[in-house]
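Here it is, the structure, as C-alpha cells.
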Amino acid sequence: MLCENRAMPESVTFPPGISEKEAFERLERYGENALLEKKKRCAFLKKVLLSFADVMTLVLFAAAAVSFAVAKLKGESAADSYMILAIVFLNGIVTAFQETRAEKALEALKTLTSPECTAVREGKEKRIPAKFLVPGDVILVKKGDSVPADAVILQSVSLRADESALTGESGGVEKSAHALPDAKAHATPPDMIFAGTVITSGSASARVTGTGMRTRMGKIAEMLISEPVPRTPMQVRLAKISAKLGNAALGICFVIFLLSLYKGVPPERAFLNSVSLAVAAIPEGLPAVVTVMLSVGVTEMAKRRAVVKKLTAVEALGCATVICSDKTGTLTQNRLEVTSTKGEKRLLARLFALCNRNSSPTENALFEFAVKTLGEHAVRSLPPIVREVPFEHETRVMATLHREKSGGYTAVVKGAPEEVFRLCGVSARADERFAAKGLRVVACGCAKLQTPPEDLLKIRYTYAGCAGMTDPPRPEAFEAGRVCRSAGIKTVMITGDHPDTAFAVAQKLGIASTPGEVATQAQIESLPESEQENAILGARVFARSAPEFKVKIIRAYKNAGEICAMTGDGVNDAPALKSAHIGCAMGKNGTDVAREACDMILTDDNFSTIEQAVLIGRNIYENVRHAVHFLISCNIGEILSVFAALMLSLPAPVTAVQLLWVNLVTDSLPAIALGLEKPRAYLMERPPVKPDLPLFGRAEKLLIALEGAAVGALTLLAYAAGGSGAGSTMAFGVLSFSQLFHSFNVRSDRPLLCSGVNLPLALAFALSGAMQLAAMIFPPLMRVFSTVALTPFQWVCTAALSACVLVAGEFAKLISYAAQKRAKKVANADDI
C-alpha cells in the first residue's frame, strides 16, 4: 500500500537494527521482556491436599477415625471408614481439577491480550510481541503507543510522553534526542523513553537499553507483591450464598444428630451420618464451578472476536442497558473514499498530500485521492514536513509547514470545516450539503510565507475547498442494532462528524429517527449544569464530540442507574473506557493505551461483536443461575430425605458412604455441563438483568424448595417400596438418578424439545449414571456401598421414580410455554 510508506514521518530515520540471530541470542541471555510475578500456581497434589483444609472435611476425617476405632473395638468391618476417605480424596481431585482449569483460563487471558510493538530488524519494520524485545533492538513509537522497554531516542518529531506511571506527575513531558546536557540529570532524562509510559504525541525511533526487570518499571515491580486475581461480584455473592446455605445445613445436621441419638442410633454412627450429610449438602465448590463457567464464556467470546481482559466484564455484559459506540469503523466499514470535492481539484490534492501523515483512515483516503489526481511520482516529490501541529480533538485541525524548492514556505491546514473557515476568515456552506448526504467533510487552506511563523495556528490562511468522503454502514450493524433494541438495550452513536453526517448514518442504522435526537458537545455544554444530564439521556447521537466528552456521557448514564458499555480507540478515550462498566477497545485501529484501559478488545472493531458478547454474557449469567439452582435443589433433597425419615421414625434411607458418593456423582460433572450450554438467541428477547437484584426471585426460590422436596419424597418412597431388603439400595439409586434427570429440568425454561441438545450434559448424565449404576450392580462396589441386587420390577420402580422429576418438570414447562406463546400471539395481534 502507498500509505504504508508514509506511516513514519520523513524526518524520523532509523538504523537497520539487529539481526534475528542476534535477537535470539540476546533473548537467551537477558530473558523475556516481562516483569516477574509472584508464583501463584501450586502443584496439583498440593491443591488436592489444600481442599482437605475445609473445616467440615476435617470433621468428617475425625468422624471416620472414630468410626474406624469403634469398628475395630467391636471386631466389625471398617470398610465404611476406608470408603469415606476414598470418596473425599476423589472429591479433592475434582476440586483441584476445577481450580487448575480456572487458573489456566485466567492465564490464557494474558496471552490473548499480550501487547505488541514495532521493531526494526535487518532493516525491516516488524510487529512482534513486546516480550521478545532485547537490548539493542530499534523500536518505533507513535502517539497512542505504550513504550515497551527503556530506550534512548535516536530521532523524534514533536515527541511527548506521559510518565505519570513512573513519576506520579500528570501531563506530557517533551522528549528529544537532542536534550541539553544538564537535562540528562533529571529522574527521567528527556532523551530517553521508559517502559510503561505512554506516547501522547509525535513519533520517534529509539534503541532499547533495558528490558523486563532491568527497566525503571522493573525496579518498582521488585518492591511490589503481585496481587491475587480479585473475585468477581457474582463469585462474592455466590460465596455468601454458600456460607448461608452451609450454616443452614450445619444447623439441620446438628438437629439430625440429636434426633438420631434420641431414636437410639449409636453415637459414632449418628455423628458420622450427620457430618457426611453436612459435607454433601454444603455447596463449598460453588465459586470454583462458577469460575470455570466464566472462563469457558471468555473462551467463547474470544472465538467471536471479543477478547475479555477482566472476568467482571463478563458479568457486566449480561446486565448492559446502554451501548455507546463510535461511528467510524465500528458502525461503519471504515472504508473511506473521497467522492465529492468543492474547489480546484489539483490544488486540493496537493494540499491534502502535503498535510498528511497517513495515520488514520481519513488521511489514507485523502492521500489516495491525491495519488489518483496528481500521480504517485508527483506526490512523492512534494516537499517534506519541516514543522507540524498534530491533529488534536481540542483544535480539530492539523497544520504543517513545508520549505518550497523555489524558496519560501507553504503552510497548510486541514480539519473540521468550521475550524478551517475560522482560520481562513470565511463563511462557506458546501460542508453542510455534503454532510446532509452522510459524507465526512474535511476542509483545507494554505498560506504562502517568506519566513517560518511562530505558531501555525495564528496565521491567516486562504480557503482552498473541501472534500466529502463516504464511509458506508456495516451491513451487520443494522441487524445487531435491531437485536439490541429487542433486548432492551439502547444504542448511542458518538462521532466527531458534522451533525447532519451523523444523523444520516444513524437514520440508516435505525439508531435515530429525527434530527431532534442529535446533539453536539457544544450544545450540551452550553446548557446549565443541572440540565446537561437530562439532555444527554434524551439524545441518541452525539456529534462534534471529543473523546473527553465520553466521560460526561458515561457519568450521566451511571447516575441514571444504567449499565453502560463504551467503545474507544484513542489515547483520550482511556478515561471513558475505565469509567464505563464495560470499556471496549478497538483491536485493529486502537492504541495501546486504549487496549490497556479497557475490559474487552474487539479484534474486528465491529459493533455486531459487542452484541454477540452481550448474548454470551447473558448466557453465562443464565448458566450460572441454572447450575446454582441445580446444586441447591439437589442438596435440599438430600437433607430432607434423611431428616424426614428420622421424623417418621424410619432408619436413614442412605448411609454416610452413599451420601458422599451421590455428592461426588451429581455435584461435579452435571453442574459444570450446565455451564457449557451454548448461547441461546431468545435470551436477547428479554430485558437486561438488573445487577442489584438477587440471583433468584421469590417464585424461583419456592420452585427450588419444591424440587428439593420432590427429590427427598421420591427417595423416601423408593425406600418404602423396597422394604427392609432392597429399600436402601432403591433409595440410593433414586436419590442419585433423580438428580441426574433433574439436571435436564434446570438447563432451560423451555421444554426439552424446544431447547436443542446439550452434548456435555448428555455425556455427564451418561458418565455419572454409569458410575452410579456400577455402585449398584458391580459386586466389589456393592459390598462397599452396602447395596443388594434388585429384581427387574424394582429396577423399573427405581427408574420410574427417578424420572418423575423430569416428567413433572416438562409438563409444567409445556403449560407455561404454551401460555407464553398465546400471550405473545395476542400482543402481536394488538400491534397489528
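Averaged per residue, what accessible area in Å² does segment 399-514 show with a 1.4 Å probe, protein chains only?
Value returned for segment 399-514: 41 Å² of accessible area per residue.
Okay, moving on. Each residue of segment 455-463 in order: what ³J(HN,Hα) in whole Hz does its phi give by Karplus 6.51 cos²θ - 1.76 cosθ + 1.60, θ = phi - 60°, with x for Gly and Pro?
9, 5, 9, 10, 10, 8, 9, 9, 5
Another question, if that's okay. Mind listing the long-range amide H neighbours of TYR409? Cut-off is under 5 Å, sequence gap 5 or more, other chains count too, H placed in the peptide plane at 1.01 Å from N.
GLU404, LEU449, GLN450
Could you size up the charge dipole of segment 460-518 around its Cα centre, putting +1 on the beta carbon of Lys and Arg and -1 on that of Asp and Glu, and report it in debye to the nearest 20?
80
Moving on to the next point. Identify all lysines with a Cα-Cα distance to LYS405 below 20 Å; exclude those on the same chain that are fewer than 8 residues away in sequence.
Correct list for LYS405: LYS448.
Taking a 1.4 Å probe, which of VAL397, VAL255 shows the most accessible area, and what order do the others take after it? List each step's numbers first, then the result.
Numbers: VAL397 5, VAL255 65 Å².
Putting VAL397, VAL255 in descending order of accessible area: VAL255, VAL397.
Provide the packing ranking of 753-759, 330-336, i.e. peptides ordered by the mean count of other C-beta atoms within 10 Å per residue, highest first. Don't skip to the end; give the middle numbers.
Values: 753-759: 13.0, 330-336: 22.4.
Ranked from most to least packed, the peptides come out as 330-336, 753-759.
Which of rounded, prolate or oblate describes segment 301-426 when judged by the alpha-carbon gyration tensor and an a/c cut-off of 1.5? Spell out each step's value before the answer.
Working: a/c = 2.56, a/b = 2.23, b/c = 1.15.
Judged from the Cα gyration tensor, segment 301-426 comes out prolate (a/c at least 1.5, a/b above b/c).
Hey, any idea what % of segment 507-588's accessible area is carbon plus sulfur with a 1.4 Å probe?
The value for segment 507-588 is 47 percent carbon and sulfur by accessible area.
What does the net charge come to around VAL152 if you take all other residues with beta carbon closer than 10 Å to its beta carbon, with K and R at +1 and D and E at -1?
Within the 10 Å Cβ shell, the charges total -1.
Follow-up question, since we're still on this one. Using a cut-off of 22 Å between alpha-carbon atoms, which lysines can reach LYS821, once sequence neighbours fewer than 8 places away in the same chain are excluded?
Within the straight-line limit of under 22 Å, LYS821 reaches these lysines: LYS813.
If you count, for each residue, the other Cβ atoms within 10 Å and average over each peptide, how do 144-155, 402-413 line up from highest to lowest? Mind dumping the intermediate values first?
Working: 144-155: 22.6, 402-413: 15.8.
Descending packing order for the listed peptides: 144-155, 402-413.
For the cross-link pairs LYS309/LYS678; LYS142/LYS552; LYS219/LYS310; LYS327/LYS588, which exceed 23 Å when the distance is taken from alpha carbon to alpha carbon?
LYS142/LYS552; LYS219/LYS310, as the Cα separations exceed 23 Å there.
Three principal axis extents, largest first, for the C-alpha atoms of segment 640-720, in Å?
50, 27, 21
By average Cβ neighbour count within 10 Å, what is the ranking of 559-570, 770-781 from highest down?
Numbers: 559-570: 22.2, 770-781: 14.9.
Order by mean packing, descending: 559-570, 770-781.
The values are calculated or read from the model by the stated rules, or taken from the named source; none is laboratory data. Bear in mind that the values here come from a model prediction, so they are computed numbers and not experimental data. All Cβ positions, glycine included, derive from the backbone under ideal geometry; neighbour counts span all protein chains shown. To get the accessible areas, we keep the full protein, side chains included, count just its heavy atoms, and leave off ligands, DNA and RNA. Shrake-Rupley method; radii C 1.70, N 1.55, O 1.52, S 1.80 Å.
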